[in-house]
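> First, the structure itself, so that you have it in front of you.
Derivation of every value follows stated rules applied to the coordinates shown; laboratory data play no part. In this text, all values refer to a predicted model and were calculated from it rather than measured experimentally. When we count neighbours, we look across all protein chains shown, and the Cβ atoms used for this are built from the backbone with ideal geometry, even at glycine.
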Amino acid sequence: MTGEESAESAAGAEAAVPLVRSLRLTLEAPRTGPMQATLALASASLDWLDAHRGGFLHADEEALLTDRLHARRRHGLLIGRYAAKCALAAFRPDLDPRDLAIRPGVLEQPILSGTGVENLGISLSHAGPVAVAVTFPEACPMGIDLERIQPANVALLTRQTLAAERRHIAARLDAPEAERLTRLWCLKEALSKTLRCGLTVPLEHLAVGSVVAEPPGLDVTFANFAQYRGLSLAAGDLAAALVLPRPPAAALAVEAAAWEELRSGLAEAAMRWQAEDAAPPPRDGDHEETGHR
Ligand SMILES: CC(C)(COP(=O)(O)OP(=O)(O)OC[C@H]1O[C@@H](n2cnc3c(N)ncnc32)[C@H](O)[C@@H]1OP(=O)(O)O)[C@@H](O)C(=O)NCCC(=O)NCCS
């Protein structure tokens, strides 16, 4: 972020200040040597993003914001790009985010371009006012997902998971069913982004295999993609998952304190979203509603 547009310098009411957490990931890989990736979580209102987008959007990203976009899609596009630029700022603080573009590829996958980010990939996910993004060396593909945990989705998510997956996670995670199912869903979606196929393949191909509880999250393998692992975090009513290569291809040093910091950011983002949901609707003559609902 430019200094002017950074989260720290944002003026206005506290709720209007974006929430940002970033995390550096260090990987050991026998084939390439050590590698770095960065992950960011961000939450911001559509009003804030619109007011500050000049500080982080590339001109080609600005062009994606056509007038025909629904407010929810506009919010998703902006918060996703903002989280991605926060991850990139943690990776290369010397680069101006406005010089880096994330454009959709032919499979709608995000393609990063700009000087200084050659051979870097990006994955992002948004839910309402919240987004997560990870930037990684193309040598070490990753994918990320974020979902809101909603009890109303239990029946649907039950149909879209295998009994074996549900048993594995239930044996390791003492949490409401909606959380367990959403975490499974997030892990599969993050795998589908890593593979670039999205959810166009039969979901059982993306099935979760083993599940290990590693505070503050879950560490899983995939039944059909033995080369990948998935890390799952949840806090409040938000669940997030990161998928990346597993040993022996690449070993991630998971620092518990840093992940806990990310988990607490997720909890704060969930609380902010709930507070926004609970806020009374604007009266006539108040500022126009531009939120994500
Ligand atoms: C990828 C997918 C799982 C995203 O799920 P979602 O719940 O809608 O949304 P999320 O917020 O979690 O993720 C959205 C982001 O995923 C990324 N994405 C989209 N397609 C992707 C793909 N094939 N591979 C990796 N990432 C992808 C994008 O960055 C997108 O955000 P953006 O449009 O704001 O840039 C879903 O859109 C999907 O299955 N897409 C496949 C569709 C497809 O193959 N289309 C081909 C058209 S030719």
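> Mind sorting R24, R229, R81 by how few other Cβ atoms lie within 10 Å of their own Cβ, fewest first?
Ranking R24, R229, R81 by Cβ neighbours within 10 Å, fewest first, gives R24, R229, R81.
> Starting from the Cα-Cα distance between Q150 and L203, subtract it from 0.36 nm times their residue separation and give me the gain in nm to one decimal.
Full-extension gain reported as 17.1 nm.
> Kindly state, to the nearest 0.05, the FRET efficiency for T26 paired with A226, given R0 = 35 Å and r defined as their beta-carbon distance.
0.95
> Let me ask something else about it. Based on DSSP H runs of at least 4 residues, each adding -39500 (n - 2.57), what is the mean residue ellipticity at 222 nm of the chain after dividing by all its residues, to the nearest 500 deg cm²/dmol?
One gets -9500 deg cm²/dmol as the mean residue ellipticity at 222 nm.
> To continue, here is another question. Please work out the Cα center distance from segment 102-134 to segment 72-96, rounded to the nearest Å.
Using only Cα atoms, the two centres lie 9 Å from each other.
> I need C140, C197 ordered by Cβ neighbour count within 10 Å, fewest first.
C197, C140
> Okay, moving on. To the nearest 20 debye, what charge dipole does segment 64-136 have about its Cα centre, counting +1 at the Cβ of each Lys and Arg and -1 at the Cβ of each Asp and Glu?
340
> How large is the direction-averaged shadow of the alpha-carbon convex hull of the chain, in nm²?
That works out to 15.5 nm², a quarter of the Cα hull's surface.
> Could I ask something else about it? Could you calculate the contour length gain from R68 to A257, that is, 0.36 nm times the residue separation minus the distance between their Cα atoms, to one decimal place in nm?
Stretched fully, the R68-A257 segment lengthens by 63.7 nm.
> Can you sort T158, T200 by how many other beta carbons sit within 10 Å, fewest first?
By the 10 Å Cβ count, ascending: T200, T158.
> At R0 = 41 Å, how high is the FRET efficiency between A278 and R167 if r is their beta carbon distance? Nearest 0.05 is fine.
Working from the Cβ atoms, E equals 0.70.
> Of the listed peptides 210-217, 241-248, what is their order by residue-averaged count of other C-beta atoms within 10 Å, with the highest listed first?
241-248, 210-217
> Considering only DSSP states other than H, G, I, E and B, which GluC sites (Glu not before Pro) in segment 36-143 qualify as loop sites with at most 14 other Cβ atoms within 10 Å?
Taking segment 36-143 and a limit of 14 other Cβ atoms within 10 Å, the loop GluC sites (Glu not before Pro) found are E108, E118, E138.
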